[in-house]
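Only the coordinates and a few stated rules stand behind these numbers; no lab work does. Predicted, not measured: the structure shown is a model, and the values here were computed from it. Positions of Cβ are generated from backbone atoms using ideal geometry, with glycine treated the same way; all protein chains shown enter the neighbour counts.
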Amino acid sequence: MFLSHGAVSKEAAFSCYNVHMKLIVGFGNPGKQYNFTRHNTGFLALDFYAKVHNLDWIDKPKWNAIIAEDRDRNILFVKPQTFYNDQGTSIQAIMSFYKLKSTDILVICDDFNLPFGTLRFRERGSDGGNNGLKSTIQHIGDNFPRLRVGTGNDTLRKQIGDTNFVLSKYTEEEHVKLPEILREIDVFVSKY
């Protein structure tokens, strides 16, 4: 029998009924100017998943994040609203609130060292030069799964440099291929 001792917040209710809760975090930068940039591939992947699965985004300022809940699967989807290089702050706050282990998290991020459209899953590892992963490792350690999404385009990267490259929009040719890549990520997340 469940005994209530007053009002229970939505977050607490979600947490107490979902013993094996998972957190899936998409990396990106807040702001419309960053939509469809390489660094926002994680946001894009979660937006696609949320649309396909009819999930709604809710602003959670206390975690500096936007979240969507899939109660049937016990998953909290997170788009940190810190900038890319400080993603770990938001992740750590949510982990602390829900008392999650780092192994309960899946991070989805871009990787310009992988060919465009390549997906690479690892149970744990280094930051590989990705500042969002670096921040997350600094806050929660390196023992968390991650799905890297290849955004590589060596020609463009050599022309404009790494910083401008990660903040650049996808080319027209790449943009056409995005739906297929996002469907692959959706299938991966659905099985995760």
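Just one residue in the set G132, G117, G88 is touching a strand residue (DSSP E or B) at 6+ places or on another chain (Cβ under 7 Å), surrounded by 19 or more Cβ atoms within 10 Å (Cβ to Cβ), in contact (Cβ under 8 Å) with a residue 40 or more places away in the chain and not acidic (D, E); that residue is G132. A count restricted to segment 159-192 and to residues that are outside any helix (DSSP H, G or I) and not aliphatic (A, V, I, L, M) stands at 6.
Could you please let me know if L106 is farther than 26 Å from T155 by Cβ, assigned to a loop (DSSP other than H, G, I, E, B) and in contact (Cβ under 8 Å) with a residue 24 or more places away in the chain? It is false that L106 is farther than 26 Å from T155 by Cβ, assigned to a loop (DSSP other than H, G, I, E, B) and in contact (Cβ under 8 Å) with a residue 24 or more places away in the chain.
For segment 60-69, the count of residues that are in contact with a helix residue (DSSP H, G or I) (Cβ under 7 Å, 6 or more places away or on another chain), outside any helix (DSSP H, G or I) and either surrounded by fewer than 16 Cβ atoms within 10 Å (Cβ to Cβ) or among the hydrophobic types (A, V, I, L, M, F, W, C) (or both) is at least one.
Could you please let me know if L147 is assigned to a helix (DSSP H, G or I) and in contact with a helix residue (DSSP H, G or I) (Cβ under 8 Å, 6 or more places away or on another chain)? Here the answer is no, as L147 does not meet what is asked. Screening F97 against (1) part of a helix (DSSP H, G or I); (2) under 12 Å from the mean Cα position of the chain (by Cα); (3) among the hydrophobic types (A, V, I, L, M, F, W, C) leaves a single unmet condition, (2).
Considering each residue of segment 50-73 in turn, none proves to be aromatic (F, W, Y) and touching a residue at least 60 places away in the same chain (Cβ under 8 Å).
Filtered by the rule that a residue be buried (at least 22 other Cβ atoms within 10 Å of the Cβ) and within 17 Å of F188 (Cα to Cα), segment 36-59 gives T41, G42, F43, L44, A45, L46, Y49.
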